[in-house]
1. Express the relative contact order of the chain as a whole percentage, based on alpha carbon pairs under 8 Å and six or more residues apart in sequence.
2. How long are the three semi-axes of the equivalent ellipsoid of the chain, in whole Å, if each is the root of 5 times an eigenvalue of the C-alpha gyration tensor, listed from largest down?
3. List the equivalent ellipsoid semi-axes of region 80-134 in whole Å, largest first, each obtained as the square root of 5λ for an eigenvalue λ of the Cα gyration tensor.
4. Taking the 0 to 90 degree range and rounding to the nearest ten, how far is the long axis of helix 72-89 tilted relative to the main principal axis of the chain, both from C-alpha atoms?
5. Can you give the calculated 222 nm mean residue ellipticity of the chain, where each DSSP H run of n ≥ 4 adds -39,500 (n - 2.57) and the sum is split over every residue, rounded to the nearest 500 deg cm²/dmol?
6. Using bins 5 angstrom wide from zero, how does P(r) for region 4-43 break down, in % of all Cα pairs?
């Protein structure tokens, strides 16, 4: 049996297909067998006020797709544009690969995978912005 395994701490919340689910008092493990479930750990979610950098904005747009509470077509177009803009700036091999794969995931309507790939760029963006502000 394979699938996404969620390891949840006590009282941890997760968004699954638009429903907020809260874990009980003990740690637990849930295996999600459906391949197209929209899942977001709320502790990993970016608040709208925190979407203040290019990569964070892209992650936030992917989050909106996962929530299922937006016009998906509009957000997909915006997210694709944001990813393409990032690709014009982040030209190293690793970033280029992540952004290319994020575009592919978006084209396949896999917002979870897209978000997961984009989140990998957050440490690089933080380093670049730190150097810029020195």
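1. Reported relative contact order: 19 percent.
2. The equivalent ellipsoid of the chain has semi-axes of 27, 17, 14 Å.
3. Numbers: eigenvalues 94, 24, 16 Å².
Working from the Cα gyration tensor, I get semi-axes of 22, 11, 9 Å.
4. Between the helix axis and the principal axis of the chain, the angle is about 40 degrees.
5. Numbers: 5 runs with 67 residues, N = 134.
Using -39500 (n - 2.57) per qualifying helix, the result is -16000 deg cm²/dmol.
6. 6, 25, 33, 26, 8, 1
Rule-based calculations on the coordinates, nothing more; no lab input. Note that the structure is a prediction, hence the values are computed from the model and not measured.
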